[in-house]
Amino acid sequence: MEYKDKLKIAALTIASLAALSSVIFLVTSSSKHYRRRRRKQQQQQKQSSSCYLQSHQKPQLSFKRVLLDNSFSQFKHLNLHAASSSNFHPYEADIKALIENPESLEDYYSDHQKMSEFFSYVWIETETQLKDLAHTLSKHKVFAVDTEQHSLRSFLGFTALIQISTRNEDYLVDTIALHDVMGVLAPVFADPTICKVFHGADNDVLWLQRDFHIYVVNLFDTAKACEVLSKPQKSLAYLLETYCGVATNKLLQREDWRQRPLSAEMLEYAQTDAHYLLYIAGCLIAELKLQDRDNSNCPNDKLDFVLEARRRSNMICLQLYAKEVEAFPGESAASSIFSRHLNGQRGSSISYETQDLVRCFCTWRDLMARVHDESLRYVLSDQAIVLLAVKVPTTPEEIFDTIAEADLNVENVNLNSSLPSPSPVVCSHLDDLYCLIKDKKSNADEVLLQILQNCLGPNGSCPLSVYNYALLINCDLIMKNRLVSKQSPVINSKQVARKASRELFVQKFSCKSPVYHNCRIYANDGRLLCYCDRRKLEWYLRRDLAKLVDDDALAITLLFEPKGRPEDEGNDFYIQSKKNICVGCGEGSHYLRYRIIPSCYRMHFPEHLKSHRSHDIVLLCVDCHELAHAAAEKYKKQVAKEFGIPLFVRKVVDSKEIPVISESSSSVMNVEETGVSPLHLRTAAMALLRHGQRMPLKRREELTQIVMQYYGGREISEEDLERALLVGMSPHERRRFEKKRRFSSKHSTEVILLDKEQMGAAYTMAVSTTGNSLEKAVTKDGLETTEMESTGHGPHGKQVVDHILEEYGEDGIRQFCQRWRQVFVEAVHPRFLPAGWDVMHRRDFGEFSVYNPTNKAPAANT
């Protein structure tokens, strides 16, 4: 036995030493890799002090006609009519005509024979070929379209490839080679007599507008058809497998589509996406028609499935691309870093100097990304900005090492990372970054302006391009306006007061960091599950439930099978990226969350109807928020009149001081005559407690009569006054009030105890009038009160919801929600709603969440 034990101990020792040596080897190799990369990049830096773009040509820098540069100006849409604004859709009339009177698809899909296996395609790379393609497409009644995008090495992103398929041929259009002449295809895409088939066209429609002024008119979206048919999934991969027996690798979607030539695998993937779309569309339309025939015997079901799919598809065409423009460069990125990295680790201990450095680095990164047409992530990572602000390196070498250290930590988590660190942008402008840190005590705005001059000025180190030529003047104006705005004299004092009030409101109530981080979560088969914020994404990574898979933007692939998929749940709103801008006007410098369906109603919905909140919470600027709020308050009054349920509790009395009230109208009238407004009661009680002995006798008697009226006319004491301060308050309001007054008083406790002892007797009778009718609501006077909501409408919301559920059931609640969405749309006229948002939204189950039975994560959607 001893011999065997010794063998076991020896074996364990050897295994431990082997494991330790493996760890040492990994650490050593990682360190060697880091030092080798640092030496190589320092040598490259010493060899040339000029910008890396002098020797590194990017494909987009050869474009001569760019509709959207990297300056701070808004995007200008095609303007077909000189008298109209460029902010309106140029083909709005044609699209609305298709929405209001959808055409039958008989002419487009009289037959849908299965597409043959493809072996060849036509590569379009010359203007002559493109014109021939436009002429060919103009003779077809329908063709299929898909696009591939690139965003890592571009500030705003651009379309790198367009795939077009007819029944006879597949075309791959090299939009990099033909970027300046892609407008040749615009008339075909805008022709309302030709149907364009996409799958999930929400982003494609916007990208075509952004890059080429191509506007899609007459669209059939196979994803919308799946939605109408209530398919179990809506992804293109699912449709390809179901109808065509074809499997695709969706991870190829994130490849670098700028490269030429494209690999054989990428070419096959691109061709597949469009090749089978026409056949799939024909199959779906046949199913839509079958549903219509099945429902023809049901007179109550008036939904025309084919026309509804057409209507939803063409609604996508009305979207307009909007450029996110900040009030100051890098402002939203800095706010995001504060909330995600610094606040979570250091709380309120962040020094002002650290915060200022984070803002400076974010501004510098934003400007450098615009100058060099790179993504923010490529220029400088968030982790590097945090470490630079915390360590405050004092030499260019230390700056270099700090960035490399921060990115090395990220690379250890993301083994697939291939981004250079520090980036060529940092290496080319390391001295500028050093000056920014060294001059942190001086005016950072002036330093940044000087850095921009060094890049793009008369003797600038960076080459001018169509993307940055307008940046210098544009940025100069923004920063100078920021510097002198506080010194500008304003004559009109009312305008000054209103502006100051607005700015204070924005500062206090607007979101302090981006609401949507648009991080992506993929299933292990490459299908997109949802978008989430970075905090949720990091939750999965810390628990080894996922791995990072994307260098372009944070994205993870789950290492387990999730519970449910968004395709199973019938709405693509939740698998679309969302912009941090006002959905009304596109304002990006500030925004507030706005609840389209007021909380006073929604909080009383059945749980499965109210749990799905993100669809009805949107971002609005202060001005649009004011419009929406005013319309909502007006509509609440209409709801109160419609249901005969008053908005406010008009008068209250202390039921302990009067006889039990019968149901007769005379008794009700007696309560109204003797009752008092909760607001007047609390105001009177507060005034008497604070200034009773000092106020004029006549005024004191008036206020005393108000309080006595609540207590049935008897004499009142100081305890009665303190009890009166709590009348009509919700539990939340009471706690806040007591905390503010440092008044967790014995009288408040006595009120609570009294309520518990007199469950059947101690009530407050609330009486109000609507028209000629009298309504009464009985509520407990104490912290157990649930009907006096903090929204200021008392029991109104609960009574309305209860009435709807009793009379109309859950369908009534859905229609009630649709009415509120319509009110919002008519008040704000939103032009920048997220893709997939719909007034008729009918989803009635819980929020999609990625769930692992042994590791519960927070909800995935933001």
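The values are calculated or read from the model by the stated rules, or taken from the named source; none is laboratory data. Small disclaimer: the values here were computed from a predicted structure and weren't measured. Glycine gets a Cβ as well: all are built from the backbone with ideal geometry, and neighbour counts include every protein chain shown. Note: accessible area is taken over every heavy atom of the protein model, side chains too, but ligands, DNA and RNA are not part of it. Shrake-Rupley method; radii C 1.70, N 1.55, O 1.52, S 1.80 Å.
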Item checked: Test for A640: is it among the aliphatic types (A, V, I, L, M), under 30 Å from R714 (Cβ atoms), at pLDDT 85 or above and assigned to a helix (DSSP H, G or I) -> no
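Tell me the helices (runs of 4 or more DSSP H) entirely within segment 189-260 that contain at least 2 residues that are at pLDDT 90 or above and over 20 Å from G157 (Cβ atoms).
In segment 189-260, 222-229, 236-239 are the helices (runs of 4 or more DSSP H) which contain 2 or more residues that are at pLDDT 90 or above and over 20 Å from G157 (Cβ atoms).
When you check A274 against the structure, is it within 33 Å of the chain's Cα centre (by Cα) and farther than 14 Å from T222 by Cβ, yes or no?
no
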Check: Which one is farthest from Q60 (Cα to Cα) among residues in segment 242-258 that are within 31 Å of the chain's Cα centre (by Cα) and free of Cβ contacts under 8 Å to residues at least 24 places away in the same chain?
Finding: L252
Notebook entry, point to check: Which of the helices (runs of 4 or more DSSP H) contained wholly in segment 374-440 include at least 3 residues that are modelled with pLDDT of 90 or more and surrounded by fewer than 17 Cβ atoms within 10 Å (Cβ to Cβ)?
Noted result: 396-413
Notebook entry, point to check: Quick one: which of S296, S263 is modelled with pLDDT under 80, surrounded by fewer than 17 Cβ atoms within 10 Å (Cβ to Cβ) and over 15 Å from Y238 (Cα atoms)?
Noted result: S296
Next item on the list: Kindly establish whether L288 is touching a strand residue (DSSP E or B) at 6+ places or on another chain (Cβ under 9 Å) and either open to solvent by less than 30 Å² (accessible area, probe 1.4 Å) or aliphatic (A, V, I, L, M) (or both).
Entry: no
Item checked: All strands (runs of 3 or more DSSP E) inside segment 76-185 with 2 or more residues being at pLDDT 85 or above and within 33 Å of the chain's Cα centre (by Cα) -> 142-150, 158-165, 170-173
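Out of the residues in segment 213-249 that are of a type in the set (G, A, S) and either touching a Cys at 6+ places or on another chain (Cβ under 7 Å) or open to solvent by 10 Å² or more (accessible area, probe 1.4 Å) (or both), state the one that is farthest from D202 (Cα to Cα).
Looking at residues that are of a type in the set (G, A, S) and either touching a Cys at 6+ places or on another chain (Cβ under 7 Å) or open to solvent by 10 Å² or more (accessible area, probe 1.4 Å) (or both), I get G245.
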